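This report concerns only the one structure given below.
The values are calculated or read from the model by the stated rules, or taken from the named source; none is laboratory data. Because the structure is predicted, anything quoted here is derived from the model rather than measured. Cβ atoms come from the backbone with ideal geometry, glycine included; neighbour counts cover every protein chain shown. Heavy atoms of the whole protein, side chains included, go into the accessibility calculation; ligands, DNA and RNA do not. Shrake-Rupley method; radii C 1.70, N 1.55, O 1.52, S 1.80 Å.
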Amino acid sequence: MNNRILNSISKLFLTFLFFCLIHCAYGQTTHKGYPVIKATSDLADIRFGYYLMKDYWTILPEIEADTLDIPFRNSEKLVFYTNVDSIEFLINSERLHHFYVCLNDTAYALTVVKGMKLSQTSLQFDENSKNTSINFWYDQNENNEYLKLLRSRYPIDSLIKEARTDMEKTLKILNWVHNQWQHNGSNEPRKNDAISILEEAKEGKNFRCVEYGIVAAACLNAIGLNSRMLALKTKDVETTEYGAGHVATEVFLNDLQKWVFIDGQFDAMPVLNGVPLNAVEFQKAIAENFDQLEIKTESDISKSAYVNWIYPYLYYFDVKFDNRESINNRQSIDGKSSLMLVPLGAKFPTIFQIRYPMDYFKYTHSLEDFYAQPNK
């Protein structure tokens, strides 16, 4: 065999060996025909567009097929990160993406990523009627020892020193709250009040969307802007097993005389034509005025990615009647602690995620009921 043939064979062998090494190093294994990524922790992160949601997904091998619904308006890249591996998909159609997570080299969790095209329909509510028996209670910052203590321990006053409007004050506090910890959807604080949550955050603990809502509302109440936690629920809240709820905040801006939606987890405030929006207005703007809609933020968040994520939650809206943090015995109405705003034609949901009774709501279709001005 001459040297030319030997050299050619050697080159082919080296090329084949290089290909095998590359494939072994970077090629994904498969299980039952689907790609496999590995994990040694049951918590996974999700990056949708530019925004990273830490510990957003729990890996559950005991579920036959665990589905992650990803709403989309335009094409967005989704990356699914375990603590040791990752996989990515382009979400641009209502197709299914299947993969397995191999947990601790023993259990396989089938995960399905499903694209969901956003609806273009704005919800309808009763804009005229008013139930005079409905009342709300809010924390007042005058002579409120709890809110004084909050302001003395944390730089709330210095945050808003240069702010000229209530909107500017809210955005400053919103960003500060957002940066106190990273989101962890499975970690709860020892106590459910703002000071306790912030003290634990200083110890390095991370919390859920609920805690962003609590802390943002307390800080805004401390500067004289009546605020309340706002719970959002998807249309399929009764029948879906996971991910049917999100918690944000609404604040009443005195200089604009209107309620405004803010999301501490994402550092987001929706604005249309310079006017900040409440949660119902936000849903309507997504459906009817997406191009003009802005998301005010001081963080790295994509408008498209945030809207894609939040939109399914903007269906049912509920708040507590008594939003005072510094009291023990809260007021109720007709034995119910909360008011749920329900779109016209929609059912009144009574079960949360298949298992949990929701028997603490009064229901209304009325925007006048839900967005009543705070009593002074």
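Things to note:
- For residue 199: the one exception among (1) part of a strand (DSSP E or B); (2) without any contact (Cβ under 8 Å) to a residue 12 or more places away in the chain: (1)
- Residue match in segment 300-307 (condition: out of contact with any helix residue (DSSP H, G or I) (no Cβ under 9 Å at 6 or more places or on another chain) and modelled with pLDDT of 95 or more): no
- When segment 27-60 is filtered for residues that are at negative phi and part of a loop (DSSP other than H, G, I, E, B), the ones remaining, listed by number, are 27, 28, 29, 40, 41, 42, 50, 59, 60.
- Residue 358 fulfils the conditions (1) touching a Pro at 6+ places or on another chain (Cβ under 7 Å); (2) in contact (Cβ under 8 Å) with a residue 40 or more places away in the chain; (3) open to solvent by less than 30 Å² (accessible area, probe 1.4 Å); (4) over 19 Å from residue 249 (Cβ atoms) except for a single criterion, (2).
- Cβ pairs under 8 Å, 6+ apart, first in segment 304-331 and assigned to a loop (DSSP other than H, G, I, E, B), second open to solvent by less than 20 Å² (accessible area, probe 1.4 Å) and of a type in the set (D, E, K, R): 315/233; 323/139; 323/228; 324/139; 325/139; 326/139; 330/322; 331/322
- Of the residues screened, residue 325 is one that is touching a helix residue (DSSP H, G or I) at 6+ places or on another chain (Cβ under 8 Å) and of a type outside the set (Gly, Ala, Ser).
- Pairs, first free of Cβ contacts under 8 Å to residues at least 24 places away in the same chain in segment 225-250, second open to solvent by less than 30 Å² (accessible area, probe 1.4 Å), C-beta under 6 Å, six or more apart: none
- The single condition among (1) over 30 Å from residue 225 (Cα atoms); (2) in a strand (DSSP E or B) that residue 63 does not satisfy is (2).
- Residues satisfying the stated conditions in segment 128-156, i.e. surrounded by fewer than 19 Cβ atoms within 10 Å (Cβ to Cβ) and in contact with a helix residue (DSSP H, G or I) (Cβ under 6 Å, 6 or more places away or on another chain): 130, 131, 134, 141, 151
- Qualifying position, being outside any helix (DSSP H, G or I) and either open to solvent by 20 Å² or more (accessible area, probe 1.4 Å) or not hydrophobic (A, V, I, L, M, F, W, C) (or both), among 192, 221, 175: 192
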